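The values are calculated or read from the model by the stated rules, or taken from the named source; none is laboratory data. Small disclaimer: the values here were computed from a predicted structure and weren't measured. Counting neighbours? That spans all protein chains shown, and the Cβs are built from the backbone with ideal geometry, glycine included.
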Amino acid sequence: MNWRRLSLVPYRLRLLLRAAFVFLMAATVGLALSVLQQEKQLSYKNYQGSFHKTRVQVAATLRHPTGQLALLNPQPVANDAALHPLLLPFAALDFDDLQKVQQAVAMSGCLAQYGNNGSLCVGIGNNPWAGGFIYVAGTFDGAQLVPHTRGDQVVDQAHRVKVRVSLRGQTYEWIAPFEESSEPQTPGRRYAGMRGRLTGFAAADVARAKAPAVKDFRGWIWQNPRCTAPYLSDDDPACARSAFFSLRLPVGVLQDALFEKRRPVWPPEDLDHIDVRIAVLPPGDGPPLLDSTSGPSTPPFSLADLKSMLLPGESLQIRRLTDGASSAATLPLLVAPVDPEDQSWHFVTTLIRHLPVDAYDVPLEAKEVIATPAGSYEVLLKGDVRSVSKSLSVVASRLVWFVGAMLAALMLAWLVIEIGIIRRIKVLIKRADDVGERVKAARGFSEANLADLRGEDELGVLATGLHDLLRRVREDVERENIRAEQERDMWHAVGHEIMSPLQSLMVLHGAPEDESHRYITRMQQAIRVLYGRASPSEAFQSSELQVTEVDLTAFLQNVAENASCIGIHDVVFQGAAQALMARADEYSLEDVVTHVLRNAERYRVQGSAITIALEGSDTGATITIRNRGPQIAPDMIAKIFEYGVSDQPESGANGNRGQGLFVARTYMAKMGGTIVAQNLANGVSFILNLQRSG
C-alpha cells in the first residue's frame, strides 16, 4: 500500500483553501442569521411595547364615555332611514342646560353627522327610574330663528321640530314650534344669541283651536349670533347661524312597562326596533334644515372602530360579566386585518419564525375589566407575533439578494481557483508523481507531457519551466546512460587486458610460500569484483565472499610484518600468542585492514606507530587499529563510510576516490561483522568486530 498517497500532507494547502472558502460562506450565512435574530429580538420587544400601548389605548377608550356608549350599544347602527335610540352612559340628560347637554353628547360620541352642518343624537338614560324618556339632541344651520307666538293656531310660520316615534305597534308624533324665551339669563351664563323653548304638540291636535301642549314634552333651542360664513356680516339677511337643540320625548309605552314588573327590564330588549324620525322645518313649506331620513354621513363611534387601533393580526374579545363570571353574552370578535400583499419569500418568513428569541413562544395576552353603569365588561386583547416575522421578512427578503450575491461571489471565486489553479496543480502533481514512480520502477527516466498546462499565468510559467527542466534532466540521464555504457565497456576492456598478465604472474609466483602470490590473488579478486559492473559501488555491494575460518592472530601478525611492503611502516601488532579463530574471507579482511591502515598512515603524527590490537570474547573477536593524530569531525564520523566521501581536494586525480572505508564497511557487513570509528584523546581508533567460529 502506498502510504504516501494516504497522507494528508500533499493535500493540506488544497484542504486549507477549500476550508477557508467554506468558512467564509458559513460566516456570511451565520452573520446574516445573527443579524436577523437580533433584529427579530428588537422587533419583538418593539411589538411588545406597541402591544401594551394598544392595550392602554383600548382600555382608555372604553373607559371614556365614547367607549362606554359603544359597550352599551354593541350592535352596529342599522343602515336605514330611521334612527334607533342608543343607551347613554348617563342616567339622564340635563336637556335644559346648554353646556351640560353639549358636553354630554360630545363626550359620549353619540352625535351622528348629517350632511355638512347637521348632527343628531338619540338615546335613553341608563337608569330606568329616571323615566321612560327618549332624549334627542342635535345641531343644524339656518337663518335667524322665527319664533311662534304662543296661542297662535298656525305653527308653520315659525321654525319647528317634527318628531315621530314608532315602537311595539304604536306611533307617537309631535310638532314642537320654537317659542322665544323672555326669561332673563341665569347669572354667570352669558349667551348673546336667540334661545327659547320647543313646545310640543301632538301632531293630531295641532290644528285644533287651543290645542293643549304635551305635558312631559320638553325642548330647548339655542342659536349662535355669529355667522358660520366668515365673509358675511352678522346683520346680513343671508347669514346662516348654527343652532343647537335638545328634546325630552315622553313615550307612554316605555313608562307603562316600568311599572309592570318589580324589576323592570332596562334597557328595553327591543331598543333597536324603536324608530325615531326627526325633521327641523323652516317657516313655510321650504325643505327641512335637518332630516333624519336622509341617513347619517358619519355614524357614531362603535366597537368596530376599535379595529383601527389594533395592530395587524391582533384580536379583541369583549364579554359582559355577570356576578363575577363570564356570561354567554359575548360580543363579536374583532380581528385586525393582515396585509394581504406578501412581499416576502415564504422560506425567509419560515426561517425567521424558527430563529430562537426569548419569550417569543409565550402568547401575548392582556385582560382588562371595564366597569359601566349597566355592568362590567371583560376585554381580552391577544397579540399576533407572526406579524413580527412577516414585517421583518419583508426587509430580510431584500437582504437575501445581498447575502446571495456574496455567496455567489465566493462560490465563483472558489470555482475559478478550483478549476483554474487547483485542478491544474493536481494534474501537475499527478504527472510529477507518475514520473517519480516510473523512475523508481524502471530505474530510468521518462519525460512527462506538460504541454497542455503551459500558459502565460504563474502556473503556466511554472509548468513551462518544469517541462524544460524535465527535458534537460532527460537529456542528462541519456548522456549519463551513454557514459555508464562507455565506462562499462572500458571496465571490460581494462579487466580483459589486466587478467592475462595476472595469469602469467600467477604461474611465475604460484608457490604458496611466495609473498607475491597473496597480492596477485587479491588483484585477481578485485578484477573479478569490478569486472562487468556499471559502477564500483554496485560492484562492491553485489560481490560474493567466501567466508571461512581464519586465525586472526597469525593473520594480523602477517599483515603487520608485511605492511612495509606497501609503504606503511611502524605497524605494531599487540595480542595474545595463541590462535584466535573467526569467520571471515581472508582476502577481503586483508583489504579491509589495508584500507584502514592507509587512512591511519595518512593522518598519523610523523614518526608515530600504528597499533593493531586483538581481543577475544566468548562469541566474538575485536580488532582495534589506533594512530596518533587529528580527530575526525563529529559530524563526519557517520559519513566517512559512505561512497565518494573524502576530505582530500581533487581526490579523484590523486587516486583517492573516497571508496576505501566504503569497501571496508561493505566487506565487514558481508562477513557478518561491523566497523566503527571513535575519536581518542590523541588520535583515532577503528574497531572491527567479527564472529568467532566454533
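For the range 209-326, list the strands (runs of 3 or more DSSP E) that sit wholly inside it and hold at least 1 residues that are closer than 30 Å to Ile370 by Cβ and within 60 Å of the chain's Cα centre (by Cα); which are they? So that I can check it myself, show each step before the final result.
Details: elements: 218-227, 241-250, 275-281, 315-322.
Ranges flagged: 315-322.
Would you say Phe51 is in the same structural domain as Gln255 (by TED's automatic domain parsing), buried (at least 17 other Cβ atoms within 10 Å of the Cβ) and at pLDDT below 90?
no
Just one of the numbered conditions (1) at pLDDT 75 or above; (2) in a helix (DSSP H, G or I); (3) in contact with an Asp or Glu (Cβ under 8 Å, 6 or more places away or on another chain) is not true of Asp384; which one?
Of everything listed in (1) at pLDDT 75 or above; (2) in a helix (DSSP H, G or I); (3) in contact with an Asp or Glu (Cβ under 8 Å, 6 or more places away or on another chain), Asp384 misses just condition (2).
Every residue, every condition in (1) in a helix (DSSP H, G or I); (2) modelled with pLDDT under 65; (3) surrounded by 14 or more Cβ atoms within 10 Å (Cβ to Cβ), yes or no:
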residue: Asp433; (1), (2), (3): yes, no, yes
residue: Gly436; (1), (2), (3): yes, no, no
residue: Lys440; (1), (2), (3): yes, yes, no
residue: Phe445; (1), (2), (3): no, yes, yes
residue: Ala448; (1), (2), (3): no, yes, yes
residue: Gly465; (1), (2), (3): yes, no, no
residue: Asp476; (1), (2), (3): yes, no, no
residue: Arg479; (1), (2), (3): yes, no, no
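Could you pull out every one of the strands (runs of 3 or more DSSP E) wholly within the range 82-174 that has 2 or more residues that are of a type in the set (A, V, I, L, M, F, W, C)? Explain how you work it out, then say what you get.
Details: elements: 112-114, 118-124, 133-142, 160-167.
Answer list for the range 82-174: 118-124, 133-142, 160-167.
Across the range 187-236, what is the number of residues that are at pLDDT 85 or above, aromatic (Phe, Trp, Tyr) and out of contact with any helix residue (DSSP H, G or I) (no Cβ under 9 Å at 6 or more places or on another chain)?
2
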